[in-house]
Amino acid sequence: MLSIEQLSHVYPNGMRALDRVNLEIPRGMFGLLGPNGAGKSTLMRTLATLQAPSEGRIRFGDIDVLAEPGRLRATLGFLPQDFGVYPRVSAYELLDHLAVLKGIAHAGQRRDTVASLLNKVNLWSVRNKAVAGFSGGMRQRFGIAQALVGDPALIIVDEPTAGLDPEESNRFLNLLAEIGENVVVILSTHIVGDVADLCPRMAVLANGRILLEGSPAELMAEM
Ligand code: ADP
Ligand code: ADP
């Protein structure tokens with residue numbers, strides 16, 4: 001369970017991107033829906049411990065996230081909105097390297113981890129190809145594999161379907177839902193269709209505030 005209490009963030013220019021956000025996020029897929037500029041990325045980066053909020057409290061299980069960011073990072077998988085420059089290194093090498101960074105020292109165990117992740121996201125057949133040459137859909141699936149190295153209990157995915165065609169997008173979301181059964185997955189998006197079918201619970205963020213929270217059916221009734 002991820003618990004967010006009275007979380008606010010004001011950027012140096014005075015922009016209040018988050019305004020007293022309270023959320024209880026249970027295990028499974030949780031959708032964070034909101035228009036551009038709502039504060040979704042600010043919230044996702046704050047939860048991923050990439051930026052500190054102005055105020056508030058975040059707990060994940062027994063971890064006080066703001067006081068012990070290292071403990072959260074050890075169990076976090078983060079797929080940022082734009083995971084940037086795509087290296088010319090092969091998918092296999094990249095995941096293997098990440099596994100080293102995550103402390104999986106034993107070569108055999110690493111081989112098993114990397115192979116199982118590449119199979120899970122259906123990229124085993126292109127494991128020796130450079131990620132730089134991947135299509136948008138392949139990159140996002142590779143992003144899931146990256147986020148899953150080290151068996152995280154919390155997975156944060158920021159606007160994952162931007163730039164994907166509907167088929168790739170569905171494929172990606174179904175994969176995420178499969179993974180999401182036993183962990184906390186937060187999926188941020190401005191597309192209602194991304195969350196309505198897959199997330200048993202969701203919240204709507206606008207102007208840094210939570211406007212609505214509940215099951216998709218409850219929210220649709222209010223919107
Ligand atoms: P979303 O991800 O929902 O589009 P963001 O969290 O990126 O929203 O942004 C929320 C608001 O905060 C927007 O008005 C955005 O322009 C502003 N913002 C984001 N980052 C910064 C920053 N570094 N400095 C100032 N304002 C920012
Ligand atoms: P998002 O889709 O998350 O809203 P943006 O394209 O708005 O992303 O922002 C990209 C980057 O620029 C982010 O790192 C964000 O923090 C920063 N940013 C966004 N708005 C502002 C702003 N008004 N002033 C300064 N930086 C900003």
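The values are calculated or read from the model by the stated rules, or taken from the named source; none is laboratory data. None of these values were measured; they are calculated from a predicted model. Here the Cβ positions follow ideal geometry from the backbone for every residue, glycine too, while neighbour counts run over all protein chains shown. For accessibility, only protein heavy atoms count, side chains too; no ligands or nucleic acids. Shrake-Rupley method; radii C 1.70, N 1.55, O 1.52, S 1.80 Å.
Residues of the stretch 22-70 that are within 16 Å of ligand 2 (Cβ to nearest atom) and in contact with a Ser or Thr (Cβ under 7 Å, 6 or more places away or on another chain): Leu32, Leu33, Lys40, Met44, Pro53, Ser54.
Looking at the stretch 13-28, is at least one residue open to solvent by less than 60 Å² (accessible area, probe 1.4 Å) and modelled with pLDDT under 95? Checking the stretch 13-28: at least one residue is open to solvent by less than 60 Å² (accessible area, probe 1.4 Å) and modelled with pLDDT under 95.
Does at least one position in the stretch 19-34 carry a residue that is closer than 20 Å to Leu219 by Cα and free of Cβ contacts under 8 Å to residues at least 60 places away in the same chain?
Kept after step one, since they are closer than 20 Å to Leu219 by Cα, are these residues of the stretch 19-34: 21-34.
Next, from what is left, pick out any that are free of Cβ contacts under 8 Å to residues at least 60 places away in the same chain: 24.
So far as the stretch 19-34 goes, yes, one or more of its residues are closer than 20 Å to Leu219 by Cα and free of Cβ contacts under 8 Å to residues at least 60 places away in the same chain.
Residue pairs whose Cβ atoms lie under 6 Å apart, separated by 6 or more positions or on different chains, with the first residue in the stretch 212-223 and free of Cβ contacts under 8 Å to residues at least 12 places away in the same chain and the second open to solvent by 80 Å² or more (accessible area, probe 1.4 Å), are Leu212/Glu222.
For (1) over 23 Å from Lys129 (Cβ atoms); (2) within 16 Å of ligand 1 (Cβ to nearest atom); (3) of a type in the set (Val, Ile, Thr), each residue gets a yes or a no:
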{"site": "Lys40", "(1), (2), (3)": "yes, yes, no"}
{"site": "Ala48", "(1), (2), (3)": "yes, yes, no"}
{"site": "Thr75", "(1), (2), (3)": "yes, no, yes"}
{"site": "Gln81", "(1), (2), (3)": "yes, yes, no"}
{"site": "His97", "(1), (2), (3)": "no, no, no"}
{"site": "Gly103", "(1), (2), (3)": "yes, no, no"}
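Of the residues making up the stretch 119-167, those that are within 26 Å of Leu47 (Cβ to Cβ), in a helix (DSSP H, G or I) and open to solvent by 50 Å² or more (accessible area, probe 1.4 Å) are Lys120, Arg139. Of the residues Val185, Val195, Val121, Val126, the single one that is within 16 Å of ligand 1 (Cβ to nearest atom) and of a type in the set (A, V, I, L, M) is Val195.
Mind listing whichever residues of the stretch 1-20 are among the β-branched types (Val, Ile, Thr) and within 16 Å of ligand 2 (Cβ to nearest atom)?
Quick first cut of the stretch 1-20, residues among the β-branched types (Val, Ile, Thr) only: 4, 10.
Once the filter is applied, which keeps residues that are among the β-branched types (Val, Ile, Thr) and within 16 Å of ligand 2 (Cβ to nearest atom), the stretch 1-20 yields only Val10.
For Ala52, the criteria (1) open to solvent by 70 Å² or more (accessible area, probe 1.4 Å); (2) touching a residue at least 40 places away in the same chain (Cβ under 8 Å) hold in every case but one, which is (2).
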